[in-house]
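The structure appears right after this line, and notes come after that.
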Amino acid sequence: MDIHKNDRAGWLQGPPETCSVQPACVPEPWRLILLGAPGAGKGTQAALLNQQLHACHLSTGDVFRAAKNSPECDLTPAMRSALEYMRHGDLVPDSTVLDLVRERCGCLRCQGGFILDGFPRTLQQAQALSELLAVERVSLTAVINYDLPVSDIVARLGGRLTCEKCKAVFHTAECPPRVAGTCDSCQGRLVRREDDGPESICIRLEAYERSTLPLIQFYKKAGLLLTVAASGTPQEICAKTLTALKAWRTRYLASA
Ligand code: AMP
């Protein structure tokens, strides 16, 4: 097993579960938020950045998808209702998302750092996160805003395929699997996400514009925003992100 790759059990299942691999002790852990419309490639970039920066990929959407695979009787009423919102492409209520993140706040003080993907998504979530981080005495390194034109977003979401087993992401046109319908890495079945249908895509984009776009100003004012153009291959976008982060940290250290 890759020494840096853990099963994120502490995040996906919540306490008392613990991760299979403890993070390496990094002197300056990266603590990042990834912003961007659905389909801008946050999940793909979080996975690539995890390999380079060794900070854990914490996605709230993954927590909901993991819960979807649990037996119905194990789900709390709040989680059952959250999955209903998700199915339609709507945002899950802030109170449910915040309860879930507060339960997992150990992941925020993890010495390996974190890459938050899909959280925060509203101003209320962003404010609650600031308070949580202050309690944990950790601060954000930067907030990366992946910028992509809407026409590209719709094309990306419409063709996206995800492996049922290892969650690797493919695209029917941009990144097709070697064998149609089968994951290149683990031979799992490739499926379209339930919320990647045309109707859900519209609802998700509306929710993004209404609730998540204001976060760009919020983090700009906080002096944390770093915008990266999200066009190109995943590897190209990751390289651009790493260059921007390196310059960011150098500037920060020079001014400290
Ligand atoms: P994602 O994988 O980040 O695209 O999230 C998939 C779905 O999970 C979203 O469309 C929402 O229904 C729900 N979700 C994930 N994270 C959040 C959040 N921070 N706030 C509200 N809903 C969320």
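Taking a span of 18 Å or more along the helix axis (Cα atoms) and a mean Kyte-Doolittle hydropathy of at least -0.5 as the rule, the DSSP H helices of the chain that qualify are 123-136, 234-255. DSSP finds beta bridges in region 134-256, and of those with both partners inside it, around 60 percent are antiparallel.
This model, with +1 at the C-beta of Lys and Arg and -1 at the C-beta of Asp and Glu, gives the chain a dipole about its Cα centre of some 600 debye. Which is farthest toward the positive dipole end of the chain among Leu133, Ser81, Val191, measuring Cα position about the Cα centre, with Cβ charges +1 (Lys, Arg) and -1 (Asp, Glu)? The residue sitting most towards the positive pole is Leu133. Build a GNM of the chain with springs between Cα atoms under 10 Å apart, and of Leu132, Leu58, Leu49 the one that fluctuates most is Leu132. Centroid-to-centroid, using Cα positions, region 173-194 and region 12-65 are 22 Å apart.
Each 5 Å bin from zero holds the following percent of Cα-Cα pairs in the chain: 1, 6, 12, 18, 21, 19, 14, 7, 2, 1, 0. With a threshold of 19 Å on the Cα-Cα distance, the over-threshold entries among Lys42/Lys240; Lys167/Lys246; Lys42/Lys221 are Lys167/Lys246; Lys42/Lys221.
Between Ser255, Val169, Gln235, the Cα set farthest toward the positive side of the dipole of region 160-256 (charges on each charged residue's Cβ, about the Cα centre) is that of Ser255. For the options Arg156, Arg31, Arg87, a Gaussian network treatment of the chain with springs between C-alpha atoms closer than 10 Å singles out Arg87 as fluctuating the most. The length gained by stretching the chain between Lys246 and Ile216 to full extension, at 0.36 nm per residue less their Cα-Cα distance, is 8.7 nm. Here the simple spin-label model places points 7 Å from the Cα toward Cβ, and for Val26 and Glu209 these points are separated by 3.6 nm.
The calculated FRET efficiency for Glu103 paired with Ala256, based on their beta-carbon distance and R0 = 35 Å, is about 0.55. Rounded to the nearest 500, the helix-only mean residue ellipticity at 222 nm of the chain stands at -13000 deg cm²/dmol, with each DSSP H run of n ≥ 4 adding -39,500 (n - 2.57).
None of the figures in this text is laboratory data; all of them are computed from the coordinates on show. Just so it is clear, the structure is predicted and the values come from calculations on it, not from any experiment. Heads up, the Cβs are rebuilt from the backbone with ideal geometry, glycines too, and the neighbour counts pull from every protein chain shown.
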